[in-house]
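Presented below is the structure to which this report refers.
The values are calculated or read from the model by the stated rules, or taken from the named source; none is laboratory data. Small disclaimer: the values here were computed from a predicted structure and weren't measured. Cβ placement follows ideal geometry from the backbone for every residue including glycine, while neighbour counts extend to all protein chains displayed.
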Amino acid sequence: MKKKVISIVLLIIFFNKLVNNYHIIDTYRRIITIISPYREKINICYSLQNKISDIISPNSNKWSITVLNDSGKTISDINGKISRIPASNQKILTTAYALDRLGPNFTLKTKLYFINGSYHILGEGDPDLSPKTIKLLSNKILSHSRNRNLSTVNVYLYEESRDNWWHSSWPIIDRTETYGAPISRLAVQSNSSQYALSEPILFFKSILYSNLNRKNNSINIQIRKSSDFEKNILNYPIFIYNSAPFYSLLSLANSESHNFTSEILLKRTSDKWSFTESSNSIYSWLGTLPLPKDRILIKDGSGLSRSNRLTSNYIANLLFYMKHHKFSNYYLSSFSLYGLRGTLTNSNQTSFLNGKLLAKTGTLSGIKSISGYLLKDDRVYIISIISNGIAYPNSISDQIIKNVYSSDCI
């Protein structure tokens, strides 16, 4: 039986090298998890455990803390398997999924087609798409139409339905702010303008129209559902605008905690634009990895939803897995750097940690999280801290991290 399983694995590895197919990769990983399932490795360092317990007392029930050593053993754990709202630590899952599935050099594409005498624009949510990009599209349309002596320029814009712009659990007040901007395919500067916050596709349309109309053409721009775009191998785009590569977008999502980018990474990677379907795709992917069976809930890709639930134990183990991933350098470098970069730039309460903590922060009202990699000499500790219901958790989290760094636990 064992020889048969090994033969199947070798066969899958062979085909995996021939075809970059997610189903093959997932099948291979699932077989590996059957042969060698996740086993929790615990080696509690009680000197560290007791110090952390003292730091969070008397509110220990509002904290979840997990610390892994360089070999993935749990050396400290307090409420690590209790599910809590992770805030933007949700992005740790999203960016890992995107990097693993599509790689660091993948780009989002905004495509211009010419089909049956009309122009068709289909985007993938490029967060950096700007009026300058729209001008490039307009120039291409004008040049192309002029060469064909078209008296009327017909343009079709393809967009998702309004139901897919925001998750139903996002508070209405958040949807009026740039951090809660609608998640759309044709977004100008991540829908950060006041008009785009409510009508993103109309904002795109208005800029496109003003660029096309400068030549006094007869312009007709219509909006269609993205599902109405007829995919045909003969419909080859006449122009493609590529976003920054994924490794740059990962940094925007993790280091700067950019919600729009995180949601787009999830939707494009899953190729599903409904929040339910894209979230389910992460569940499926996580099921192929050697991770604990903790109870988690995934509602979005950014962590803006308060319906998300993660455990510090789960986050820490995923971080450990990604530390050994073939794209680990891209993943780790996408995080904020304590005292130097991203959301941790101004974190200097413990100055000797400057440059020694690569981490993802998370903040919602009453919610705080920080998880990442603590670098000490030639070792890497993995830390995940989530607090729900603590008024001023930052200084406490700093104390915890400082004690992990100062400990002699290995």
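Quick notes on this one:
- If you go through segment 380-410 and keep only what is within 20 Å of Y321 (Cα to Cα) and modelled with pLDDT under 95, you end up with just I410.
Here's the yes/no breakdown for (1) under 17 Å from the mean Cα position of the chain (by Cα); (2) of a type in the set (D, E, K, R):
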{"position": "L318", "(1), (2)": "yes, no"}
{"position": "Y321", "(1), (2)": "yes, no"}
{"position": "N346", "(1), (2)": "no, no"}
{"position": "K356", "(1), (2)": "no, yes"}
{"position": "K368", "(1), (2)": "no, yes"}
{"position": "Y373", "(1), (2)": "no, no"}
{"position": "S384", "(1), (2)": "no, no"}
{"position": "I390", "(1), (2)": "no, no"}
{"position": "Q399", "(1), (2)": "no, no"}
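- When restricted to residues that are in a helix (DSSP H, G or I), surrounded by fewer than 23 Cβ atoms within 10 Å (Cβ to Cβ) and in contact with a Ser or Thr (Cβ under 6 Å, 6 or more places away or on another chain), segment 268-289 contains 2.
- Criterion violated by I183 - all others in (1) touching a residue at least 60 places away in the same chain (Cβ under 8 Å); (2) assigned to a helix (DSSP H, G or I) satisfied: (2)
- Consider segment 324-339 and keep the residues that are free of Cβ contacts under 8 Å to residues at least 40 places away in the same chain and of a type in the set (S, T, Y). The one that is surrounded by the fewest Cβ atoms within 10 Å (Cβ to Cβ) is S328.
- Just one of the listed residues (F260, F239) is in the same structural domain as S169 (by TED's automatic domain parsing) and touching a helix residue (DSSP H, G or I) at 6+ places or on another chain (Cβ under 9 Å), and it is F239.
- Single residue of segment 183-203 satisfying the filter (buried (at least 20 other Cβ atoms within 10 Å of the Cβ) and in contact with a Ser or Thr (Cβ under 8 Å, 6 or more places away or on another chain)) that is nearest to L252 (Cα to Cα): S190
- The numbered conditions (1) in a helix (DSSP H, G or I); (2) closer than 20 Å to S76 by Cβ are all true for L332 except (2).
- Failed condition for P292, given (1) outside any loop (DSSP other than H, G, I, E, B); (2) surrounded by fewer than 22 Cβ atoms within 10 Å (Cβ to Cβ); (3) in contact (Cβ under 8 Å) with a residue 40 or more places away in the chain; (4) of a type outside the set (S, T, Y): (1)
- Among residues of segment 62-120, those that are more than 23 Å from L375 (Cα to Cα), surrounded by fewer than 21 Cβ atoms within 10 Å (Cβ to Cβ) and polar (S, T, N, Q), counted: 6
- Selection from segment 340-372 of residues that are assigned to a strand (DSSP E or B) and surrounded by fewer than 20 Cβ atoms within 10 Å (Cβ to Cβ): R341, T363, L364
- Within segment 186-234, being of a type in the set (F, W, Y) and either free of Cβ contacts under 8 Å to residues at least 40 places away in the same chain or assigned to a loop (DSSP other than H, G, I, E, B) (or both) holds for Y195, F203, Y209, F229.
- Residues satisfying the stated conditions in segment 141-164, i.e. in contact (Cβ under 8 Å) with a residue 40 or more places away in the chain and within 32 Å of the chain's Cα centre (by Cα): V155, Y156, L157, Y158, E159, E160, S161, D163, N164
- Number of the exception - E256 against (1) among the charged types (D, E, K, R); (2) farther than 30 Å from S371 by Cβ; (3) out of contact with any Asp or Glu (no Cβ under 8 Å at 6 or more places or on another chain): (2)
- Residue identified as part of a loop (DSSP other than H, G, I, E, B) and under 24 Å from P245 (Cβ atoms) among L136, L150, L129: L129
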